[in-house]
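See below for the structure under consideration.
Readers should treat all values here as calculations from the given coordinates under stated rules, not as data from a laboratory. Predicted model only: the values in this text are computed from it and were never measured. When we count neighbours, we look across all protein chains shown, and the Cβ atoms used for this are built from the backbone with ideal geometry, even at glycine.
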Amino acid sequence: MNPTELRDQLIRWSNQNSGSENHAGLAAMLALLETDFAILPGVALERIACVGTPAQALRGRFQPSAPTQILLSGHYDTVYGAANPFQHCELVDAHTLRGPGVTDMKGGLVVMLAALDEYLRANPSPGLGFEILITPDEETGSFGSAALLAAAAPRHHLGLVFEPARPNGSLVQSRKGTGNFIATCRGRAGHAAKVPSDARNAIAALAEFVVAAHRLPAEMPGILLNVGLIRGGGEATNVVPDFAQAILDVRITRAADRDAVLARLDEIAASINAREGLRLEITGSFNRPPKECGPVEEAAFAVYQQCGNELGLAPFGWVHAGGGSDGNLLSAAGLPNLDGLGAIGDHLHSDREYCLLPSLMERAQLCARFLQRIAEGNVLKK
Ligand SMILES: [Zn+2]
């Protein structure tokens, strides 16, 4: 495929809405992928059901009995729903395409397909097999496809995740783990004017919790915490409210941070629960553990960089990312993986999202060369 074909494929895919909740759009996008991935010689494609959603994943397998196995992972949903005004691509200049999902991660899927196409057309080794797994719900936490990723992980030696590269071309070395928690505070209702009062104001108590919780990132390095939503009280201001609730986004850098953060949140809650008439409960969990970098990733990244040098591409590094991806789930399932192998762009999850078009071909050639290296047996110990 040439750069113009890759650009046109990206435009076609991105103009098809596939917001995580738009099931008709997801089905139409899946059909496009199925048609386009069918060009890969020797790859058997199938649709796979996910848990709790009618949306399906696309799986492709090539030489499943070969001694070395690679998992190529991506998602075809985007954050832009059917009602979002951002629905179509616009060519900003010859090198820049703005559009919904152009980088996160339809551009990554273009890179994946072009890389496999190039690799397979150059006499592929019988020693390397791979599995393509493209899922429909990454942007909403991968709740329906997590089991597919976990089941695929043990079949492979390395995962390749086609999430966006950073705007400067860096790959992703590690990612924070992410969780959502709900803090629910119950007090005792009463008349605002009653003195002395036996009412307990749930909003005031929850506010204390929120202020203390917001100090966690300053107290604990590597932790991020955001209160994203708060609600409580009723319609009348002369009633002491007996209910208030906050929803928290919590991120951790190391798996070992998990228990420490939960213990600290419980401690803050306990200081409120020690008072008569108030009850603050925390529910929720971490849905993606942190993706930490190990020796397999280190070795694979060094080869990726070397492949870039051989192709004469601009040098690139790798960085820690605050956002989670399916790379986190693969790591948690024991599969080392390289992440951020997709297109280069910026302003993801906004109507300014753009993709640097030359990166499609460059990153595809880079990945194809890396697959060749793996097939030669120089990267992964069997
Ligand atoms: Zn993504």
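Worth pointing out:
- Cβ crowding within 10 Å ranks Leu356, Leu10 as Leu356, Leu10, fewest other Cβ atoms first.
- Annotation: extensible slack from Ala204 through Asn123 equals 22.3 nm (criterion: 0.36 nm per residue apart, minus Cα-Cα distance).
- Point-to-point label distance, Ser285-Asn273, nm (Cα→Cβ direction, 7 Å offset): 1.9 nm
- The range 177-288, dipole about Cα centre (Lys/Arg Cβ +1, Asp/Glu Cβ -1), debye to the nearest 20: 100 debye
- Modelled spin labels at Ala38 and Ala263, positioned 7 Å past Cα toward Cβ, are 5.7 nm from each other.
- Whether the range 1-70 is rounded, prolate or oblate, judged on the alpha carbon gyration tensor where a/c under 1.5 counts as rounded: oblate
- Inter-centroid distance (Cα atoms) of the range 223-301 relative to the range 109-132, Å: 42 Å
- Secondary-structure-derived ellipticity at 222 nm for the chain, considering helices only, amounts to -10500 deg cm²/dmol, per-run term -39500 (n - 2.57) for DSSP H runs with n ≥ 4.
- Charge-dipole axis of the range 177-288 as Lys and Arg at +1 and Asp and Glu at -1 on Cβ define it, positive-most pick from Gly187, Thr253, Asn201: Thr253
- Across the options Val43, Ala31, Asn287, the greatest Cα extent toward the positive end of the charge dipole of the chain (unit charges at beta carbon of Lys, Arg, Asp, Glu) belongs to Asn287.
- In nm, spacing of pseudo-spin labels at Phe143 and His320 (7 Å Cα→C-beta vector): 3.0 nm
- The length gained by stretching the chain between Glu310 and Arg231 to full extension, at 0.36 nm per residue less their Cα-Cα distance, is 22.8 nm.
- The range 308-382: C-alpha gyration tensor shape, a/c 1.5 cut-off, then a/b vs b/c: oblate
- Cα gyration tensor shape of the range 1-127, rounded if a/c is under 1.5, else prolate or oblate by comparing a/b with b/c: oblate
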